[in-house]
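Inspection log for the structure reproduced underneath, given as structure tokens.
The values are calculated or read from the model by the stated rules, or taken from the named source; none is laboratory data. This structure is a prediction, so every number in the text was calculated from the model and none was measured. Cβ atoms come from the backbone with ideal geometry, glycine included; neighbour counts cover every protein chain shown. Just the protein is used for accessible areas: all its heavy atoms, side chains included, with ligands, DNA and RNA removed. Shrake-Rupley method; radii C 1.70, N 1.55, O 1.52, S 1.80 Å.
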Amino acid sequence: MSLRWLTRRAFVTRTLSLLGLGAAAGIKAGCDRTERRPPRQVPQAFRYDITDLAADDGGLPRFQLSRSVETGLLGAAAMTTAPSGNLAVAHNEQVIVLDPAGRAVRRWATDHRVLALHVANDESILVADARRVHRHNAAGRRLESWTVGDDRTRLTGIAAAGDDLFIADAGNRTVSRYRGGDRVWRLDGFHVPSPYFDLAIGPDDLLWVAHTGRHRLEAYNSTADLVRSWGRAGMAITGFSGCCNPCHFVVLGDGRFITAEKGLHRVKLHDAEGEVRALVIGAAALGIDVNTPACAAEQHSCVPPGPLVADLGDDDGGVAVLHPRNGGLHVLEPPTELA
Amino acid sequence: MADSPQAGQSSDRRGFFRGLVRGLALLAGGATLGLLATRAQAARTVWQIDPYKCTMCGRCAVECVLSPSAVKCVHSHGMCGYCELCTGFFEPDAPNLHEGAENQLCPTGAIERTLIEQPYFEYRIKEDECIGCAKCVAGCAAFGNGSMYLQIRHDRCVDCNDCAIARACPTQAIRRVPADQPYLLKQVDEP
């Protein structure tokens with residue numbers, strides 16, 4: 001009898017133990033189910049790949065790279081050339097002046113994030129934050145400030161000619177002309193999908209505006225009349241890519257243009273009529289992977305930055321390109337036939 | 001007086017059953033507590049994608065235990081530029097800028113394009129057709145403002161303890177968030 005009792009207890013104990021072990025094994029197997037499964041293949045139809053488009057130069061002549069410098073100026077918002085030949089760069093809450101070799105020769109801090117700048121002939125510098133314009137002397141001392149626009153204002157471009165000041169406001173999608181602190185006129189009706197809205201004054205005193213949503217550059221005279229425009233949408237090198245480009249541009253002294261595009265990250269030379277004549281630099285030479293999303297590459301913003309461009313104004317026709325994603329500054333010279 | 005074998009047997013059997021019942025009660029109690037603890041944990045946090053870490057790799061579409069995936073594209077209309085040429089809607093080399101299937105980027109045609117007024121167009125995600133592949137998200141992020149992004153939709157997520165897409169995510173962009181704030185929404189960048 002005693003043996004039978006022990007056997008029954010042992011039987012139940014062993015049965016419960018086995019059930020417990022089985023349950024534990026089942027739970028573990030359930031937890032490990034996804035770990036053990038090999039990763040599934042993502043179909044090609046789900047992939048967004050613009051590598052080939054970014055690599056296409058259309059067989060155009062290319063500028064020659066004369067030097068590259070790592071400036072560390074990640075997130076730079078604007079760059080322009082000073083009459084001295086130096087480069088003024090807007091970087092967060094600083095203005096940094098670089099010599100043509102890319103060395104910082106001067107820097108000064110502001111109390112705001114600088115979004116646009118312009119260097120006058122007397123080397124005084126106009127800088128814009130989101131809603132204000134400040135004039136500094138060459139040493140960086142602030143001389144005056146004034147507020148433009150309203151709560152929606154986001155200044156992205158600034159240029160000056162004589163007593164006139166021109167301001168691009170991407171928030172309100174307007175361009176305004178000021179004289180002596182008073183607004184002379186305001187242009188409305190631009191389509192500006194992202195905060196890139198550049199402007200520049202050409203050698204013929206026309207005001208050129210990058211109408212990015214329309215993928216074209218437009219020229220306005222002193223009375224705000226549209227007198228010329230050129231440009232079209234297209235991923236091919238002859239067009240302006242994506243939703244809204246060119247993100248930045250400069251007008252050269254002879255009326256030609258240098259344009260920069262975000263997305264495909266390319267810089268091009270156009271003749272005075274807007275036809276593309278050469279590739280200044282492309283994504284690969286800029287060290288940019290076009291398929292890496294801005295959010296993953298930029299810690300501060302998900303809006304993809306485009307290359308910043310400046311005309312060095314030297315005898316060689318040099319162009320400076322700074323990419324805010326990696327801080328690389330590149331100086332390039334045109335091929336002989338285009339110099 | 002020594003116990004008789006019959007008395008001993010009766011006492012042992014009673015003890016055995018008492019022990020068995022006690023053991024089963026303890027087991028049931030433990031299981032209940034465990035279940036409650038699990039439920040409490042699940043109620044406190046849920047899985048969500050951090051849009052600022054997402055690299056739009058496409059794995060959310062194929063790794064989720066649900067088919068179609070519980071991951072969907074959501075669209076922040078406050079960030080959107082209402083572009084005529086939306087790179088989240090159109091193939092990069094779309095032949096034409098109209099809604100023809102040959103021009104659309106989305107493999108399931110899950111984005112609806114509506115003219116607001118020239119040149120502004122509104123883009124809405126048809127969630128029932130969205131499979132969470134992130135192709136539109138990548139197109140929007142490459143050129144535009146990044147107003148399209150992925151989120152786990154909690155009206156369909158079954159909240160696995162061991163989330164398959166979280167395990168497969170190459171950038172660990174999927175994490176637990178408070179259940180009373182289950183979405184990680186993008187904000188318009190400050191100037």
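The candidates B:116, A:237, arranged from most to least accessible area with a 1.4 Å probe in the full protein assembly, appear as B:116, A:237. Contact residues in the range B:121-153 (at least 50 Å² less accessible area with all protein chains than alone, 1.4 Å probe): B:135, B:142, B:143, B:145.
Averaged over B:53-63, how many beta carbons belonging to a partner chain fall within 10 Å of each residue's beta carbon? The partial results should precede the final answer.
Working: counts 2, 3, 6, 8, 3, 9, 5, 2, 4, 6, 5.
Mean partner-chain Cβ count within 10 Å for B:53-63: 5.
Applying both filters, DSSP loop and at most 15 other Cβ atoms within 10 Å, to the trypsin sites (Lys or Arg not before Pro) of the range A:30-125 gives A:40, A:47, A:103.
For every other residue with a beta carbon closer than 10 angstrom to the beta carbon of residue B:70, add +1 if it is Lys or Arg and -1 if Asp or Glu, then tell me the sum.
Numbers: positive: B:72, B:153, B:156; negative: B:155, B:159.
Charge balance near residue B:70 sits at +1.
Normalised by residue count, the protein assembly as shown yields a Cα convex hull volume of 201 Å³ per residue. Cβ-Cβ distance of residue A:62 and residue A:137, R₀ of 41 Å, FRET efficiency by 1/(1 + (r/R0)^6): the value works out to about 0.55.
Mean partner shielding of peptide B:82-91, defined as the number of other chain Cβ atoms within 10 Å of each residue Cβ, is 5. Converting phi to 3J(HN,Hα) with the Karplus coefficients 6.51, -1.76 and 1.60 and the offset θ = phi - 60°, the range A:73-88 yields 8, 5, x, 4, 9, 7, 8, 8, 9, 8, x, 6, x, 6, 10, 9 Hz in sequence order, with x at every glycine or proline. Take chain A and mark each of the GluC sites (Glu not before Pro) that is in a DSSP loop with at most 14 other Cβ atoms within 10 Å; the longest unmarked stretch, sites excluded, is A:94-272. Please report the buried accessible area for the interface of A with B, total over both chains, probe 1.4 Å, in Å² to the nearest 100. Counting both chains, the buried surface is close to 4000 Å². Entry comment: accessible area of the range B:36-127 is 45 Å² per residue, from protein heavy atoms only and a probe of 1.4 Å. Helix B:5-44 and the longest principal axis of the Cα set of chain B meet at an angle near 20°.
Across chain A, Cα pairs under 8 Å and at least six residues apart give a relative contact order of 16 percent. Specify the angular offset, from 0 to 90 degrees and rounded to the nearest 10, of the alpha carbon long axis of helix A:2-31 from the longest principal axis of the alpha carbons in chain A. In chain A, helix A:2-31 runs at an angle near 10 degrees to the longest axis. Of the solvent-accessible surface of chain A, computed with a 1.4 Å probe over protein heavy atoms with every protein chain present, carbon and sulfur atoms account for 50 percent.
Once the 1.4 Å probe is applied to the protein heavy atoms, chain A comes out at 45 Å² accessible per residue.
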